[in-house]
Protein chains: 2
Amino acid sequence: MLLSGGLDSATVLAIARAQGWACWALSFRYGQRHAIELEAAERVARALGAVEHRVADVDLRWIGGSALTADVAVPKDRPVHNIGAMGADIPVTYVPARNTLFLSYALAWAEVLGARDLFAGMNALDYSGYPDCRPEFLNAFEKLARLGTRAGALGEEWKIHAPLIAMTKAEIIREGTRLGVDYRLTHSCYDPIGERACGRCDSCVLRRRGFEAAGIADPTEYAG
Amino acid sequence: MLLSGGLDSATVLAIARAQGWACWALSFRYGQRHAIELEAAERVARALGAVEHRVADVDLRWIGGSALTADVAVPKDRPVHNIGAMGADIPVTYVPARNTLFLSYALAWAEVLGARDLFAGMNALDYSGYPDCRPEFLNAFEKLARLGTRAGALGEEWKIHAPLIAMTKAEIIREGTRLGVDYRLTHSCYDPIGERACGRCDSCVLRRRGFEAAGIADPTEYAG
């Protein structure tokens, strides 16, 4: 299971646990500007009963090309109706091939563990225009996993579970709240100010609107 | 272009250069037992005129599960007709999801460079039973690349060039020799003894037989 420490992947972990899965959680140190989300991932993994939580080092800074890994400004205060737009509007926070890379690491670990089920928090509605959060992408990755692994060569099928894929942020928050997720443990902000969420990047905007739309009090402390 | 420093990827680089491509070469420090192959990659990239050669750190030791990254013995002196067998006979030197991971890194770098063509040395004949060296795998990766990148979302196509896919080792060596590859610069051995190739692992066995079958003198110094 990919666990970023954000709201979405915390909810995925809660859903998988409620379905009875034993979960091995994987996070990445990929040259983020901040390590706060890795601390959040560790807290979330512990709180929701992951069997194990590992952090893989994935250096993407040498590649550059994203506001999350290079010296490019994170956009602020974008109107929420623009955030989900596709194509030319893919945001500067898009990290090239990130989900392909992250799922590849999860695939490698799963193969060693003997697992055949990957869980991830991709979401096709509030996905901020990232191409690698679409259902077609996940289907293509399942096929790649079948063709590119020892297990697949022996005839076994891989499944990527993306239970949030068709949910709104409000629905995700309601479902997580129902399952007892403490969202104070999670971290969503692309550009935190000290320990606090900025409140103005795409991720903060989507999170705030999600709590509002869900009618649930947002426990996040925002700086702005 | 994936460049391991081995015989195959050196030949791919020579082929791509002969076809007129400007090549950006990518190698990986992935917890191999030996760094000799990275030195070979650097020599090969320089000798064959790559625009740039980068080495990405990909820590796979925490995953374990392969003789190339964990404390598992590399098999020696296997009969050559067994080496290409599939399925249950996938060798212990198989690294889980390795080509998926390596191609994902290449994809990320290519996207930042504005390239749409990846080159790799996969080979379906002498491939030692690795599932991620088959043409179907490469086709599935092209599709994934189209779906999972900004360029793909904008309608551009990705192409993985695997010019060795249907060649025997002897044919690869003949073609590389014709194009002026100095195979003394390359390194194939899974388990070198000091600076020398062991001469007995699957990779050495395939290399030796390849030179024999090509009728070309093997410049490699083998320890055994």
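Data table
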| quantity | calculated |
| --- | --- |
| Yes/no for A:ASP191 being touching a Phe, Trp or Tyr at 6+ places or on another chain (Cβ under 8 Å) and assigned to a loop (DSSP other than H, G, I, E, B) | no |
| Test for B:LEU185: is it of a type outside the set (Ser, Thr, Tyr), surrounded by fewer than 22 Cβ atoms within 10 Å (Cβ to Cβ) and within 15 Å of the chain's Cα centre (by Cα) | yes |
| Residue tally, condition outside any helix (DSSP H, G or I) and closer than 21 Å to B:SER203 by Cα, over segment B:7-21 | 0 |
| Odd one out for A:LEU118, checked against (1) surrounded by fewer than 19 Cβ atoms within 10 Å (Cβ to Cβ); (2) under 20 Å from A:ALA97 (Cβ atoms) | (1) |
| Residue in segment A:121-129 that is at pLDDT below 95, in a helix (DSSP H, G or I) and closer than 30 Å to A:GLY224 by Cβ present | no |
| Condition check for B:THR149: at pLDDT below 95 and either among the aromatic types (Phe, Trp, Tyr) or surrounded by 22 or more Cβ atoms within 10 Å (Cβ to Cβ) (or both) | yes |
| Filtered residues of segment B:13-48 (kept if in contact with a Lys or Arg (Cβ under 6 Å, 6 or more places away or on another chain) and farther than 19 Å from B:ILE193 by Cα) | B:LEU26, B:LEU48 |
| Neighbours by Cβ (under 6 Å, 6+ apart or cross-chain): first from segment A:200-214, free of Cβ contacts under 8 Å to residues at least 24 places away in the same chain; second not in a helix (DSSP H, G or I) | A:CYS204/A:CYS189; A:CYS204/A:ALA197; A:CYS204/A:CYS198 |
| Residues located in segment B:139-188, provided they are assigned to a helix (DSSP H, G or I), out of contact with any Asp or Glu (no Cβ under 8 Å at 6 or more places or on another chain), without any contact (Cβ under 8 Å) to a residue 24 or more places away in the chain and of a type in the set (A, V, I, L, M, F, W, C) | B:ALA140, B:LEU144, B:ALA153 |
| Verdict on A:GLU156 being at pLDDT below 95, more than 11 Å from every other protein chain (Cβ to nearest Cβ) and out of contact with any strand residue (DSSP E or B) (no Cβ under 8 Å at 6 or more places or on another chain) | yes |
| Per-region count, segment A:16-31, residues more than 14 Å from the chain's Cα centre (by Cα) and aliphatic (A, V, I, L, M) | 3 |
| Segment A:22-53, residues that are free of Cβ contacts under 8 Å to residues at least 60 places away in the same chain, farther than 25 Å from A:ASP191 by Cβ and not in a loop (DSSP other than H, G, I, E, B) | A:ARG46, A:GLU52 |
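Table: residues versus (1) modelled with pLDDT under 60; (2) under 21 Å from B:GLY199 (Cβ atoms); (3) more than 7 Å from chain A (Cβ to nearest Cβ); (4) outside any loop (DSSP other than H, G, I, E, B).
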position: B:VAL55; (1), (2), (3), (4): no, no, yes, yes
position: B:ARG61; (1), (2), (3), (4): no, no, yes, no
position: B:GLY64; (1), (2), (3), (4): no, no, no, no
position: B:VAL72; (1), (2), (3), (4): yes, yes, yes, no
position: B:VAL92; (1), (2), (3), (4): yes, yes, yes, no
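The values are calculated or read from the model by the stated rules, or taken from the named source; none is laboratory data. Note that the coordinates shown come from a computational prediction; the quantities given were computed from them, not determined experimentally. Note that each Cβ is placed from the backbone with ideal geometry, even for glycine, and that neighbours are counted across all protein chains shown.
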